[in-house]
1. Compute the relative contact order of region 53-152 as a whole-number percentage, counting only Cα pairs closer than 8 Å that sit 6 or more residues apart in sequence.
2. If the reach is capped at under 14 angstrom between alpha carbons, list the aspartates and glutamates near Lys22, excluding any in the same chain fewer than eight residues apart.
3. List, in order, the whole-Hz ³J(HN,Hα) value for each residue of region 138-154 obtained from phi through the Karplus relation with A = 6.51, B = -1.76, C = 1.60 and θ = phi - 60°; use x for Gly and Pro.
4. For Asp147, which sequence-distant residues (separation of 5 or more, or a different chain) have an amide H within less than 5 Å of its own amide H, given hydrogens modelled in the peptide plane?
5. Please report the relative contact order for the chain, taking Cα pairs under 8 Å with a sequence separation of at least 6, and give it as a percent rounded to a whole number.
6. Karplus couplings for region 203-211 from phi (6.51 cos²θ - 1.76 cosθ + 1.60, θ = phi - 60°), rounded to Hz, Gly and Pro as x?
7. Dividing the Cα radius of gyration by the Kirkwood radius, what Rg/Rh value follows for region 1-64?
8. With a 1.4 Å probe and every protein chain left in place, work out the accessible area per residue of the chain in Å², rounded to a whole number.
Amino acid sequence: LPTVEIITNHRVTANRLKEIEKEFDAVLLGFGARLSKSVRCDNDRPEIKGYWGAISMLDKVNLWHKYGIGSPASNELKDKVVVCVGGGFTSMDVVRCSIREGAKKVIMLYRRDEKTIIRNTTYEEYHEAVEEGVEFIFHSAVNTINDEDDVLKSLLIDKFELVPDPNGGRAQLVKIDGASYTIEADYLIPAVSQSADLDLLPPEWDLKMTSW
């Protein structure tokens, strides 16, 4: 019977990939998409203290609770105000974990409506998050991150309305003038999608990428 060899605790780099390519007839890369995409707003700078990518945050939660590695995320989140931008399963993991790590207020900010977030996740998960205390703010997006000396202080939020497409397509989001407001926050956690860390790939391979 064919056998499978699994090698653990092995760091793969661009140079190691080139060695692997020479050693085998085919190479499948399956390292996933673990970089949080930005929220694409003014003053969007990951170096701001309080700006915490969703995957990094969830890594910290899981490594501690499952393996005792690192330290509890409650060290950062207890009694804090957490705003998560997104509307999918990763966002749900972020807000529900934030509640369990002791945050005093947890908000999920989503550009579209309640029906869409349920369609993106599940009816059960959405309503369980509501019961646990997550506040959902719909038809909204971050306009500007406000910081003081690279420490997150607040978020300027724009409100939108859904305008039906006369041709029957997807309704368009249109900003409501004069409806913007500010939310004080300790953490902004973007969970709007992930991308792959392509620094792993040898540049001379020149692999072509699609938008996905």
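The values are calculated or read from the model by the stated rules, or taken from the named source; none is laboratory data. Worth saying up front: this structure is predicted, and the values here are computed from it rather than measured. Neighbour counts are summed over all protein chains in view; Cβ atoms, including those assigned to glycine, are modelled from backbone coordinates with ideal geometry. The area values use the complete protein model at the heavy-atom level, side chains included, leaving out ligands, DNA and RNA. Shrake-Rupley method; radii C 1.70, N 1.55, O 1.52, S 1.80 Å.
1. Details: 140 pairs, mean separation 24.1, N = 100.
Relative contact order here is 24 percent.
2. Lys22 reaches no qualifying aspartates and glutamates.
3. 9, 6, 9, 8, 6, 8, 8, 8, 9, 10, 10, 6, 6, 10, 4, 10, 7
4. The list, which skips near neighbours in sequence, is Lys153.
5. Values: 359 pairs, mean separation 57.4, N = 212.
Computed value for the chain: 27 percent relative contact order.
6. x, 5, 5, 6, 5, 7, 10, 8, 5
7. Details: Rg = 17.7 Å, Rh = 15.7 Å.
Reported Rg/Rh, Kirkwood definition of Rh: 1.13.
8. Values: 13570 Å² over 212 residues.
That works out to 64 Å² for each residue.
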